[in-house]
1. Go through the range 128-204 and tell me which strands (runs of 3 or more DSSP E), entirely inside it, have 3 or more residues that are β-branched (Val, Ile, Thr).
2. Out of (1) exposed (fewer than 15 other Cβ atoms within 10 Å of the Cβ); (2) part of a helix (DSSP H, G or I), what's the single condition that is false for ASP17?
3. Tally up the residues in the range 150-163 that are open to solvent by 40 Å² or more (accessible area, probe 1.4 Å) and either modelled with pLDDT of 95 or more or among the hydroxyl-bearing types (Ser, Thr, Tyr) (or both), please.
4. Report every pair of residues separated by at least 6 positions or lying on different chains whose Cβ atoms are under 7 Å apart, first residue within the range 290-319 and closer than 12 Å to ALA333 by Cα, second open to solvent by 30 Å² or more (accessible area, probe 1.4 Å) and at pLDDT 95 or above.
5. Considering only residues that are over 25 Å from the mean Cα position of the chain (by Cα) and open to solvent by less than 40 Å² (accessible area, probe 1.4 Å), which ones fall in the range 296-305?
6. Of (1) without any contact (Cβ under 8 Å) to a residue 24 or more places away in the chain; (2) charged (D, E, K, R); (3) open to solvent by less than 60 Å² (accessible area, probe 1.4 Å), GLU79 satisfies all except one. Which?
7. From the list ALA355, ALA333, ALA361, which one is under 17 Å from TRP298 (Cβ atoms), assigned to a helix (DSSP H, G or I) and either modelled with pLDDT of 95 or more or more than 22 Å from the chain's Cα centre (by Cα) (or both)?
8. Is it the case that LEU320 is open to solvent by less than 80 Å² (accessible area, probe 1.4 Å), part of a loop (DSSP other than H, G, I, E, B) and of a type in the set (A, V, I, L, M)?
Amino acid sequence: MQNFVFQNPTKIIFGRDTISQIGQESRKYGASALLVYGQNSVKKNGILQTVCETLRENGVSFVEHSGVKPNPVLSHAEEGIRKAKDNKVEMIIAIGGGSVIDEAKAIAAGSKVDYSVWDFYCRKKTVQQALPVLTVLTLAATGTEMNGRTVLTNEETQEKFVIGADPFYPKISILDPTTTFTVSREQTAYGAIDAASHLMEVYFTHSDDWFTPIQDRYSEGIIRSLIDASYCCLEKADDYNARATIMWGASLAWNGLAPSGVGRWFTPNHLIGMGMSALFDSPHGATISVSFSHWLSWFMKQSPENKARVEQFGREVFLLKESEFLAERTIEALKNWYSKLGSPIAPNELGLDYAKMKLVAKKIESFAHFWMLPHYHSDFVLSLFYEKEFIRNQ
């Protein structure tokens, strides 16, 4: 096991009927807030009303900032920054899923500076401070409710970047699984896939030290739980235990514990997925299932150690028995899970033909260095999805 430092300052309040606690908790950070949320779902299901009522009861005034997109964009974040500054709010409260919380973090940092918040995302500036961020989670997927990362898309440059900084850790995150009962089958599937992918990126890409039994069992156990729970949710949307499993599993998947002690690790599938969504606004979970379905086959062939890693994943996650083709069967089992959830496993299922994938590959090449993956150039990315002969004939 490699040396590491682990710190996670986020306070989690988990369970039924916990949303009303946001008023009391927020009062610790000031008396005014910017409420950030998406479209109309939090109004229809009464979550926004509950939050507003408890804020008023605790003497916290607020300004609303609605309309966050599923892939949050810079222009909308800048609008939120202007509202936060004009109203001199003391905190940002996000009500929603990963996209809403990611934009809330951008607003929190942008409200503290007099230059574009995009300077943080393209690494021109570093985040030194941010307004306190509090969250009420309504869609389990990204884990941003318990980590210091944020993703934002610059719609003008068609760039989608992720950054991390300590000030981005939410102070409080309220996780009530009942808020996800009305999440669509599609978004439930994408959320489970995204959560599992965070663990899988670490699991497959770290190579400084393969002796990581604690981290392996941690990741394998959560992924197995996510898979089981995802099937339960598709059968019964209001299965509380299944929803709670996905919600807590998603937070644990990306809160810093899984990579602690593994050494260097990378996120190539998130790089590829963000290239797709930056250009074509593709659902994040869907891009992940497409990427992993192809990337894992390439990964398996790179070394005996890689193949053994895939085989271990098959034994521990999918409970496959030993066989000559265990690695190949593992990949098929993963793709089968994706397909049963209704998520695509090929670019064309996502509406991306070869011409569009060429654009995606070029876009990935343009910012792969930010991800410390400079060898993910255009030709290499295309080779992950298409046979050499097919590429030559195009």
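The values are calculated or read from the model by the stated rules, or taken from the named source; none is laboratory data. Quick caveat: nothing in here was measured; it's all calculated off a predicted structure. Because the Cβ atoms are built from the backbone with ideal geometry, glycine has one as well, and the counts that use them run over all protein chains shown. Protein only, heavy atoms only, side chains kept; ligands, DNA and RNA dropped before computing areas. Shrake-Rupley method; radii C 1.70, N 1.55, O 1.52, S 1.80 Å.
1. Working: elements: 133-137, 149-154, 159-164, 172-175.
Passing ranges, in order: 133-137, 149-154.
2. (2)
3. So in the range 150-163, the residues open to solvent by 40 Å² or more (accessible area, probe 1.4 Å) come out as 155-159.
Adding the requirement that they be either modelled with pLDDT of 95 or more or among the hydroxyl-bearing types (Ser, Thr, Tyr) (or both) leaves 157.
Within the range 150-163, residues that are open to solvent by 40 Å² or more (accessible area, probe 1.4 Å) and either modelled with pLDDT of 95 or more or among the hydroxyl-bearing types (Ser, Thr, Tyr) (or both) number 1.
4. Within 7 Å, the pairs are SER293/LYS335; SER293/ILE345; GLY314/LEU320; GLY314/ARG329; VAL317/ARG224.
5. Keep residues of the range 296-305 that are over 25 Å from the mean Cα position of the chain (by Cα), which gives 301-305.
SER303, the sole residue that qualifies.
6. Result: GLU79 fails condition (3) only.
7. Numbers: ALA355 fails: under 17 Å from TRP298 (Cβ atoms); ALA333 fails: under 17 Å from TRP298 (Cβ atoms).
One residue alone meets the criteria, ALA361.
8. Numbers: open to solvent by less than 80 Å² (accessible area, probe 1.4 Å): yes; part of a loop (DSSP other than H, G, I, E, B): yes; of a type in the set (A, V, I, L, M): yes.
Judged against the criteria, LEU320 is a match.
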